[in-house]
Every structure is written in C-alpha cells, then in structure tokens.
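Before we start, here is the structure in question, set down as structure tokens.
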Amino acid sequence: MPSAGAEVARIGVIRTLNIPTFTRVQQGFEDGLASSGYKAGVHVTFDIQTTNNDAGKELEIAKKFNDDKVTLIHSIGTPPTLAAVKNTGLPVVFSAVTDPLRAGIVPAGSAPGKPSGTNVTGTTDPWPVEQQLKVFSQIVPKARRWGTVYTPAEPNSMYFIAELREATKRMGLELVEAPVNDSSEVAAATERLVGKVDAIFKSPDNAVSAALKAMVQVCEANKIPLFTGGNSGPPGVVASYGMDYYLVGYSAGKRAALVLRGSKAGTIPWGPVGTYSLLINLTAAKAQGITFSPDILRIADKVIE
C-alpha cells in the first residue's frame, strides 16, 4: 500500500494499437496495480498513447515520457517496448512481448523467471504454437494445408513463424506463408492464400491485427476458417486458444506495484503467465462454413453465440 500523502505516480502507457486485446491488457494492468493498493485517479494516473505501428511516433512518445519524467512506462507490445528501452532510462514494465531476448529488450543471458539486471521487467506472451495447432486441428481435422500472414520485420512474428514451421513439419502438415510489409498488404496476402490452404492461423502480428477485418472478409467470402492465439476472441475468428491477456496485464501490474514500492525493475523477474483456455465463436464459424463437434464444444472454456 502507498503511504498516506504519497505523491501520485504518473505512468506513461505506450501501445502499438487501440484494439480489444490491448485494452484488456491495460485493464488487467490497472487492476493488478489496484489490487496492490494503487488505484487509478487516487494513487496513479495514466497517460495512454497509441503508435499505430509508426516507428517515428514510438520514438516521439518514448522521448516525451522521458522528458516528462513519468514514474514508469507500461509498454504493450514489442516495438513500443524497444522504443522505451532504447530511448529512456526510466523503469519499463512490459506486457504482451513474445520474446524479449530475441528482440533485445533484455540482455543476452537473461531468462524467463530471472531478473534482467537493467531497468526492465514485465510479462511475456509466447504462444504455445504446436499446442495451439493441435487444438485447432481437432476442430478441422481435414485441414492439411495451413496458411499464415506475417510481417518479417516484427520480432514477435519471427518467433511465431519459426515455431509454426517446426510444428507443421512435426505434425505432417503443409504451411503456406504470405509475408507482408505492412497492414495495407494484408488483404491481398490473404487473397493469395485462397485455393492453397484449408485454414489460416493468424499470427501475433501488429500489422496483421490492424487489418484483421480485411482478413476476416476474405475468409468469410471463401469459407476458410480463421484461428488465432490468445483467448480474447477477436471478431471473425472461429476459435482462439492461448493465454488470457487480462492476466498478462494483471501480472505486469503486480510487477509495476513492486517498482512503485521502491524495487528496481531490473531486480524483478520477468516471464509468462502460462495458463491457457479455448474460446469458440459460433457466429464466425457459421460465416466461414464449419461446425463444431459436441466434444469440442464440451472442452471449450467459453462459447460465443
């Protein structure tokens, strides 16, 4: 609990997109802080900024937070976290970063469950890609050709595609890749997969997420079931399996509370939440031409009508 009369902490929030998943992360973050006695508007204030995948804006916001001398930065996603780490000396608590080691957010030699030794800590969201693909394959057992759209420039996407290549190989499935440079190319890339794939596994890619509506339209028009990770169930996705992004944010919020109490961010271990659940969307499934077996519906953690 903060001491009586303590100065209100100012937290700068930098995120790539204003999407439901990241809203859920931020809500979890604020609730994690509140559970430790740091209530919004009373003990902490938030300056929430969105970059829309603009590297220049990431730099601009990071420098603004540094100049404003905010108490700490909550960065949601890999690119904003990199901007915060490289351009400020402030404590950084990240959320929804897939692989902070590969991205260069934490130093080489650091590991999940260990402190970074720098000014950084946070909660990762690595997808259990092979486990996810096995769950999705139970839903569409006849799908042998899987497609995905991703941005090679995004570190989180490169983690995903490497895992997906290995998973499809081990499972005897075919993978068809459609790389893009930015969100403006997502619709055309999805169109290129038509006739070549039986299902699509949406990547944890910020550019793809920004153009999800366009991807869904192609999938519905061509009856291609669309799957993704996480369990927030974005509109138009048949099923999502993964961690609850509210809990990702909540865990980061608990870490941030330790920083506000005086701990150095680099002494607080970083790592994943590690619990997963399955969400099914019946409306999306109907639009994309598939039905669920009773067994799948029974094991689902949540079913959206």
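The values are calculated or read from the model by the stated rules, or taken from the named source; none is laboratory data. Note that the coordinates shown come from a computational prediction; the quantities given were computed from them, not determined experimentally. Positions of Cβ are generated from backbone atoms using ideal geometry, with glycine treated the same way; all protein chains shown enter the neighbour counts. What goes into the accessible areas is simple: the full protein's heavy atoms, side chains included, and nothing from ligands, DNA or RNA. Shrake-Rupley method; radii C 1.70, N 1.55, O 1.52, S 1.80 Å.
Give me the percent of accessible area attributable to carbon and sulfur for the range 134-181, probe 1.4 angstrom.
50 percent
Could you give the spread of the C-alpha atoms of the range 54-104 along their three principal axes, from largest to smallest, in whole angstroms?
Sorted from largest, the Cα extents of the range 54-104 read 29, 22, 15 Å.
What do you get for Rg/Rh over the range 135-286 if you use C-alpha atoms and the Kirkwood form of Rh?
Dividing the radius of gyration by the Kirkwood radius yields 1.03.
Starting from the Cα-Cα distance between residue 47 and residue 177, subtract it from 0.36 nm times their residue separation and give me the gain in nm to one decimal.
Details: separation 130, 0.36 × 130 = 46.80 nm, distance 3.78 nm.
Extra length from residue 47 to residue 177 when fully extended: 43.0 nm.
Please build a GNM for the chain, connecting alpha carbons under 10 Å apart, and tell me which residue among 244, 67, 205 fluctuates the most.
Looking only at 244, 67, 205, the biggest GNM fluctuation is shown by 67.
Would you mind computing the Rg to Rh ratio of the range 1-155 from its alpha-carbon coordinates, Kirkwood style for Rh?
On the way: Rg = 17.7 Å, Rh = 17.1 Å.
Value, to two decimals: 1.03.
When only DSSP loop residues count, what trypsin sites (Lys or Arg not before Pro) in the range 82-166 have their Cβ near at most 13 other Cβ atoms within 10 Å?
When the trypsin sites (Lys or Arg not before Pro) of the range 82-166 are filtered for loop state and at most 13 Cβ neighbours within 10 Å, 142 remain.
Okay, next question. Long-range amide H contacts for residue 14: which residues qualify at under 5 Å (H placed 1.01 Å from N, peptide plane, sequence gap of 5 or more or a different chain)?
For residue 14, whose amide H was placed from the backbone, the distant partners under 5 Å are 49, 74, 75, 76.
So between residue 169 and residue 283, what do we pick up on full extension, going 0.36 nm a residue minus the alpha carbon distance? List each step's numbers first, then the result.
Working: separation 114, 0.36 × 114 = 41.04 nm, distance 3.12 nm.
Between residue 169 and residue 283, full extension yields an extra 37.9 nm.
Moving to a separate point now. Could I have the simple spin-label model distance between residue 39 and residue 221, label points 7 Å from Cα toward Cβ, reported in nm to one decimal?
Here the answer is 5.1 nm between the modelled labels.
Calculate how many DSSP beta bridges within the chain are antiparallel, expressed in % of all such bridges and rounded to the nearest 5.
10 percent
Let me ask you something else. Would you calculate a helix-derived [θ] at 222 nm for the chain, using -39,500 (n - 2.57) for each DSSP H run of n ≥ 4 and dividing by the full residue count, to the nearest 500?
It comes out at -12000 deg cm²/dmol, rounded to the nearest 500.
Students often get this wrong, so check it: of 39/254; 39/302; 134/169; 223/302, which have C-alpha atoms separated by over 18 Å?
39/302; 223/302
On to the next question. Students often get this wrong, so check it: of 213/286; 57/264; 142/202, which have C-alpha atoms separated by over 21 Å?
57/264
Let me ask something additional. Quick check: the distance between the Cα centres of the range 174-218 and the range 17-39, to the nearest angstrom?
Answer, in whole Å: 29.
Could you calculate the FRET efficiency of residue 196 with residue 8 from 1/(1 + (r/R0)^6), where r is the beta carbon distance between them and R0 is 51 Å, rounded to 0.05?
Using R0 = 51 Å, I get an efficiency of 0.40.
Continuing with this model, one more query. Hey, what do the phi angles of the range 257-272 turn into as Karplus ³J(HN,Hα) couplings, whole Hz, using 6.51/-1.76/1.60 and θ = phi - 60°, x for Gly and Pro?
Per residue, the Karplus-derived 3J(HN,Hα) values read 4, 5, 5, 5, 7, x, 6, 6, 3, x, 9, 9, x, 9, x, x Hz.
Relative contact order for the range 103-194: what is it in percent, counting Cα pairs under 8 Å that are at least 6 residues apart?
Relative CO of the range 103-194 lands at 27 percent.
Here is a follow-up. Under the definition of Cα pairs under 8 Å and six or more residues apart, what whole-number percent is the relative contact order of the chain?
Reported relative contact order: 21 percent.
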